[in-house]
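The values are calculated or read from the model by the stated rules, or taken from the named source; none is laboratory data. Computed from a predicted structure; not experimentally measured. Glycine also receives a Cβ, built like all others from the backbone with ideal geometry; neighbour counts cover every protein chain displayed. Protein only, heavy atoms only, side chains kept; ligands, DNA and RNA dropped before computing areas. Shrake-Rupley method; radii C 1.70, N 1.55, O 1.52, S 1.80 Å.
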Amino acid sequence: MDLKSTLLVVAGSVCSFKLLNTILRFLPTPEQALNKSWRWRNISTSLAHSSLSGAWAVLCFYLQPQLLEDLISRHSLLSHSLVAVSTGYFIHDLLDVALNRPCKQSWEVLLHHSAVLSCFGLALTSRLYVGYCVVSLLIEINSVFLHIRQLLLLSGRRNRTDTTTPRPSVTYSVTSWLTLATMFVFRVCTVGWMTRWLVAHSEHMPRFVLTMGATGLSLISIMNVVLLYRLIRADFISNTHNTSGDL
(Lines give C-alpha, C1' and ligand atoms only; values in the text may rest on other atoms or scores of the structure.)
Protein backbone atom coordinates (compact mmCIF):
# COMPACT_ATOMS: atom_id res chain seq x y z
CA MET A 1 0.00 0.00 0.00
CA ASP A 2 1.13 3.56 -0.62
CA LEU A 3 1.30 6.01 2.26
CA LYS A 4 -2.14 7.51 1.60
CA SER A 5 -3.82 4.10 1.58
CA THR A 6 -1.91 3.11 4.71
CA LEU A 7 -3.10 6.20 6.57
CA LEU A 8 -6.68 5.53 5.47
CA VAL A 9 -6.49 1.95 6.83
CA VAL A 10 -5.04 3.20 10.12
CA ALA A 11 -7.75 5.87 10.43
CA GLY A 12 -10.44 3.36 9.51
CA SER A 13 -9.12 1.00 12.17
CA VAL A 14 -9.19 3.72 14.84
CA CYS A 15 -12.80 4.53 13.95
CA SER A 16 -13.81 0.86 13.83
CA PHE A 17 -12.47 0.07 17.29
CA LYS A 18 -14.02 3.27 18.64
CA LEU A 19 -17.34 2.22 17.11
CA LEU A 20 -17.06 -1.24 18.67
CA ASN A 21 -16.31 0.31 22.04
CA THR A 22 -19.35 2.58 21.68
CA ILE A 23 -21.64 -0.31 20.68
CA LEU A 24 -20.57 -2.17 23.82
CA ARG A 25 -22.15 0.64 25.87
CA PHE A 26 -25.58 -0.52 24.69
CA LEU A 27 -24.99 -4.24 25.21
CA PRO A 28 -25.74 -6.03 28.51
CA THR A 29 -22.97 -5.79 31.09
CA PRO A 30 -22.70 -8.34 33.95
CA GLU A 31 -24.08 -6.94 37.18
CA GLN A 32 -20.77 -7.41 38.99
CA ALA A 33 -19.01 -5.32 36.34
CA LEU A 34 -21.47 -2.40 36.28
CA ASN A 35 -19.26 -0.29 38.53
CA LYS A 36 -16.34 -0.94 36.16
CA SER A 37 -18.20 -0.56 32.88
CA TRP A 38 -15.37 1.33 31.18
CA ARG A 39 -12.94 -1.44 32.12
CA TRP A 40 -15.36 -4.04 30.75
CA ARG A 41 -15.66 -2.23 27.40
CA ASN A 42 -11.92 -1.61 27.15
CA ILE A 43 -11.02 -5.26 27.76
CA SER A 44 -13.77 -6.48 25.41
CA THR A 45 -12.43 -4.22 22.66
CA SER A 46 -8.91 -5.46 23.35
CA LEU A 47 -10.16 -9.04 23.13
CA ALA A 48 -11.59 -8.32 19.69
CA HIS A 49 -8.22 -6.93 18.53
CA SER A 50 -6.23 -9.81 20.03
CA SER A 51 -8.47 -12.41 18.39
CA LEU A 52 -8.28 -10.65 15.03
CA SER A 53 -4.56 -9.83 15.00
CA GLY A 54 -3.43 -13.15 16.46
CA ALA A 55 -5.32 -15.17 13.83
CA TRP A 56 -4.27 -12.71 11.10
CA ALA A 57 -0.58 -13.04 12.02
CA VAL A 58 -0.77 -16.84 11.84
CA LEU A 59 -2.52 -16.55 8.46
CA CYS A 60 0.24 -14.28 7.15
CA PHE A 61 2.95 -16.84 7.89
CA TYR A 62 0.77 -19.72 6.68
CA LEU A 63 0.12 -18.09 3.30
CA GLN A 64 3.62 -16.66 2.96
CA PRO A 65 6.09 -18.84 4.97
CA GLN A 66 9.00 -17.21 3.13
CA LEU A 67 8.21 -14.08 5.13
CA LEU A 68 10.22 -15.61 7.96
CA GLU A 69 13.28 -15.75 5.72
CA ASP A 70 13.43 -11.97 5.42
CA LEU A 71 11.75 -10.01 8.18
CA ILE A 72 13.31 -6.74 7.05
CA SER A 73 12.35 -6.07 3.44
CA ARG A 74 9.84 -8.76 2.51
CA HIS A 75 6.15 -8.14 3.10
CA SER A 76 2.77 -8.61 1.47
CA LEU A 77 -0.45 -6.60 1.27
CA LEU A 78 -1.89 -8.92 3.93
CA SER A 79 0.96 -8.39 6.39
CA HIS A 80 1.21 -4.64 5.75
CA SER A 81 -2.55 -4.30 6.26
CA LEU A 82 -2.33 -6.23 9.53
CA VAL A 83 0.27 -3.84 10.94
CA ALA A 84 -1.85 -0.87 9.81
CA VAL A 85 -5.01 -2.22 11.46
CA SER A 86 -3.13 -3.00 14.69
CA THR A 87 -1.62 0.48 14.64
CA GLY A 88 -5.14 1.89 14.53
CA TYR A 89 -6.12 -0.23 17.52
CA PHE A 90 -3.14 0.88 19.59
CA ILE A 91 -3.88 4.53 18.80
CA HIS A 92 -7.50 4.02 19.89
CA ASP A 93 -6.53 2.19 23.08
CA LEU A 94 -3.83 4.72 23.95
CA LEU A 95 -6.37 7.53 23.77
CA ASP A 96 -9.06 5.51 25.55
CA VAL A 97 -6.78 4.68 28.47
CA ALA A 98 -5.24 8.17 28.66
CA LEU A 99 -8.66 9.84 28.79
CA ASN A 100 -10.40 7.44 31.15
CA ARG A 101 -7.85 6.14 33.60
CA PRO A 102 -5.43 7.89 36.01
CA CYS A 103 -1.88 8.00 34.67
CA LYS A 104 -0.45 6.37 37.79
CA GLN A 105 -2.62 3.30 37.12
CA SER A 106 -2.00 3.12 33.39
CA TRP A 107 1.59 4.25 32.78
CA GLU A 108 2.66 0.69 31.87
CA VAL A 109 0.02 0.48 29.14
CA LEU A 110 0.77 3.97 27.86
CA LEU A 111 4.50 3.26 27.74
CA HIS A 112 3.96 -0.07 25.98
CA HIS A 113 1.60 1.42 23.39
CA SER A 114 3.95 4.31 22.72
CA ALA A 115 6.83 1.91 22.06
CA VAL A 116 4.68 -0.28 19.80
CA LEU A 117 3.39 2.70 17.83
CA SER A 118 6.93 3.95 17.27
CA CYS A 119 8.03 0.59 15.84
CA PHE A 120 4.86 0.00 13.83
CA GLY A 121 4.93 3.55 12.50
CA LEU A 122 8.45 3.03 11.20
CA ALA A 123 7.43 -0.23 9.54
CA LEU A 124 4.37 1.29 7.87
CA THR A 125 6.11 4.36 6.49
CA SER A 126 9.35 2.68 5.39
CA ARG A 127 7.82 -0.70 4.41
CA LEU A 128 10.71 -2.30 6.26
CA TYR A 129 10.56 -4.65 9.29
CA VAL A 130 6.90 -5.44 8.54
CA GLY A 131 7.58 -9.16 9.02
CA TYR A 132 9.19 -8.44 12.38
CA CYS A 133 6.07 -6.56 13.47
CA VAL A 134 3.90 -9.48 12.38
CA VAL A 135 6.00 -11.83 14.52
CA SER A 136 5.42 -9.54 17.51
CA LEU A 137 1.66 -9.79 16.95
CA LEU A 138 1.81 -13.54 17.65
CA ILE A 139 1.94 -12.41 21.30
CA GLU A 140 -1.71 -11.41 20.88
CA ILE A 141 -2.64 -15.11 20.91
CA ASN A 142 -1.77 -15.14 24.60
CA SER A 143 -3.55 -11.82 25.07
CA VAL A 144 -6.80 -13.51 23.99
CA PHE A 145 -6.70 -15.71 27.09
CA LEU A 146 -5.46 -12.89 29.32
CA HIS A 147 -8.47 -10.79 28.30
CA ILE A 148 -10.93 -13.67 28.73
CA ARG A 149 -9.51 -14.22 32.21
CA GLN A 150 -9.94 -10.53 33.03
CA LEU A 151 -13.55 -10.58 31.85
CA LEU A 152 -14.27 -13.65 33.99
CA LEU A 153 -12.85 -11.83 37.01
CA LEU A 154 -14.86 -8.68 36.32
CA SER A 155 -18.08 -10.66 35.87
CA GLY A 156 -17.57 -12.52 39.15
CA ARG A 157 -17.23 -15.91 37.49
CA ARG A 158 -13.94 -16.86 39.07
CA ASN A 159 -15.37 -19.15 41.74
CA ARG A 160 -17.99 -21.87 41.70
CA THR A 161 -21.36 -21.00 43.20
CA ASP A 162 -22.36 -24.54 44.17
CA THR A 163 -20.04 -24.74 47.19
CA THR A 164 -19.49 -22.72 50.34
CA THR A 165 -15.71 -23.07 49.99
CA PRO A 166 -14.26 -20.68 47.40
CA ARG A 167 -13.04 -22.84 44.53
CA PRO A 168 -12.22 -21.73 40.97
CA SER A 169 -14.83 -22.66 38.40
CA VAL A 170 -13.94 -25.11 35.63
CA THR A 171 -14.14 -22.33 33.03
CA TYR A 172 -11.80 -20.11 35.01
CA SER A 173 -9.35 -22.94 35.76
CA VAL A 174 -9.13 -23.96 32.09
CA THR A 175 -8.69 -20.32 31.04
CA SER A 176 -5.99 -19.83 33.66
CA TRP A 177 -3.98 -22.85 32.50
CA LEU A 178 -4.36 -21.84 28.84
CA THR A 179 -3.20 -18.34 29.77
CA LEU A 180 -0.10 -19.75 31.45
CA ALA A 181 0.70 -22.16 28.59
CA THR A 182 0.27 -19.60 25.83
CA MET A 183 2.24 -17.07 27.86
CA PHE A 184 5.29 -19.33 27.71
CA VAL A 185 4.82 -20.18 24.02
CA PHE A 186 3.66 -16.89 22.52
CA ARG A 187 5.23 -14.38 24.90
CA VAL A 188 8.39 -15.84 26.41
CA CYS A 189 9.45 -17.89 23.37
CA THR A 190 8.40 -15.28 20.81
CA VAL A 191 10.23 -12.43 22.55
CA GLY A 192 13.26 -14.67 23.04
CA TRP A 193 13.29 -15.49 19.32
CA MET A 194 12.82 -11.82 18.40
CA THR A 195 15.75 -10.85 20.64
CA ARG A 196 17.96 -13.51 19.09
CA TRP A 197 17.00 -12.36 15.59
CA LEU A 198 17.67 -8.71 16.44
CA VAL A 199 21.16 -9.53 17.74
CA ALA A 200 21.93 -11.70 14.71
CA HIS A 201 20.95 -8.94 12.25
CA SER A 202 22.17 -5.94 14.22
CA GLU A 203 25.04 -5.29 11.76
CA HIS A 204 22.56 -4.75 8.92
CA MET A 205 20.34 -2.28 10.77
CA PRO A 206 20.69 1.49 11.32
CA ARG A 207 21.64 2.40 14.87
CA PHE A 208 18.38 4.23 15.61
CA VAL A 209 16.34 1.23 14.43
CA LEU A 210 18.42 -1.12 16.55
CA THR A 211 17.99 1.15 19.56
CA MET A 212 14.24 1.37 18.99
CA GLY A 213 13.94 -2.40 18.66
CA ALA A 214 16.10 -3.12 21.71
CA THR A 215 14.17 -0.63 23.82
CA GLY A 216 10.83 -2.09 22.79
CA LEU A 217 11.96 -5.67 23.45
CA SER A 218 13.39 -4.73 26.84
CA LEU A 219 10.12 -3.09 27.82
CA ILE A 220 8.03 -6.04 26.62
CA SER A 221 10.34 -8.51 28.39
CA ILE A 222 9.95 -6.69 31.70
CA MET A 223 6.18 -6.57 31.27
CA ASN A 224 6.10 -10.29 30.46
CA VAL A 225 7.99 -11.12 33.66
CA VAL A 226 5.57 -8.98 35.68
CA LEU A 227 2.53 -10.57 33.99
CA LEU A 228 3.87 -14.08 34.59
CA TYR A 229 4.58 -13.34 38.24
CA ARG A 230 1.13 -11.84 38.79
CA LEU A 231 -0.60 -14.76 37.09
CA ILE A 232 1.26 -17.43 39.05
CA ARG A 233 0.82 -15.55 42.34
CA ALA A 234 -2.91 -14.96 41.79
CA ASP A 235 -3.96 -18.31 40.31
CA PHE A 236 -1.43 -20.92 41.37
CA ILE A 237 0.07 -19.79 44.69
CA SER A 238 -2.06 -17.30 46.56
CA ASN A 239 -5.37 -18.21 48.20
CA THR A 240 -6.63 -14.67 47.84
CA HIS A 241 -9.07 -14.03 45.04
CA ASN A 242 -8.24 -11.18 42.71
CA THR A 243 -11.41 -9.72 41.29
CA SER A 244 -10.04 -6.49 39.96
CA GLY A 245 -9.28 -7.73 36.48
CA ASP A 246 -6.10 -5.70 36.40
CA LEU A 247 -3.75 -8.49 35.38
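What the table shows:
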{"read-out": "Virtual spin-label span in nm between residue 5 and residue 223, 7 Å along Cα→Cβ", "value": "3.0"}
{"read-out": "Placed amide H near residue 159: partners under 5 Å, 5+ positions off or other chain", "value": "169"}
{"read-out": "Surface accessible to a 1.4 Å probe, per residue, for the residues of the chain, Å²", "value": "52"}
{"read-out": "Nearest 10 degrees, 0 to 90: helix 77-100 Cα axis against the chain principal axis", "value": "50"}
{"read-out": "FRET efficiency, residue 108 to residue 189 (Cβ-Cβ, R0 25 Å, nearest 0.05)", "value": "0.70"}
{"read-out": "Mean separation of Cα contacts under 8 Å, 6 or more apart, over the residue count of the chain: relative contact order %", "value": "22"}
{"read-out": "Partners for residue 18 among lysines (Cα-Cα distance below 22 Å; same-chain residues under 8 apart left out)", "value": "4, 36"}
{"read-out": "Packing rank of 48-61, 218-231, 94-107, where each peptide gets the mean count of other beta carbons within 10 Å, highest leading", "value": "48-61, 218-231, 94-107"}
{"read-out": "Contour excess over end-to-end distance, with Cα ends at residue 181 and residue 20 and 0.36 nm allotted per residue", "value": "55.0 nm"}
{"read-out": "Mean-position separation - Cα centroids, the range 107-145 and the range 182-201, in angstrom", "value": "14"}
{"read-out": "On Cα atoms only, tilt of 103-126 relative to the major axis of the chain in degrees", "value": "30"}
{"read-out": "Residue 211 - accessible surface, heavy atoms, 1.4 Å probe, Å² rounded to 10", "value": "80"}
{"read-out": "Pair residue 55, residue 214: separation of 7 Å Cα→Cβ label points (nm)", "value": "3.9"}
{"read-out": "Equivalent ellipsoid dimensions for the range 1-107 as semi-axes, Å, which come from the Cα gyration tensor, largest first", "value": "31, 15, 13"}
{"read-out": "Carbon/sulfur fraction of accessible area - the chain, other protein chains in place, 1.4 Å, %", "value": "65"}
{"read-out": "Percentage, to the nearest whole number, of Cα pairs in the chain over 22 Å apart", "value": "56"}
{"read-out": "Probe 1.4 Å - accessible area at residue 1, Å² to nearest ten", "value": "50"}
{"read-out": "Computed [θ] at 222 nm, helices only, for the chain once each DSSP H run of length n ≥ 4 contributes -39500 (n - 2.57)", "value": "-23500 deg cm²/dmol"}
{"read-out": "Loop sites in the range 1-44: trypsin sites (Lys or Arg not before Pro), DSSP, at most 16 other Cβ within 10 Å", "value": "25"}
{"read-out": "Angle between the chain longest axis and helix 3-24 axis [Cα atoms, degrees, rounded to 10]", "value": "10"}
{"read-out": "Size of the range 48-183 as Cα extents on the principal axes (Å, biggest first)", "value": "59, 36, 17"}
{"read-out": "Rg and Dmax [Cα atoms of the range 137-210; Å; Rg one decimal, Dmax integer]", "value": "18.5, 62"}
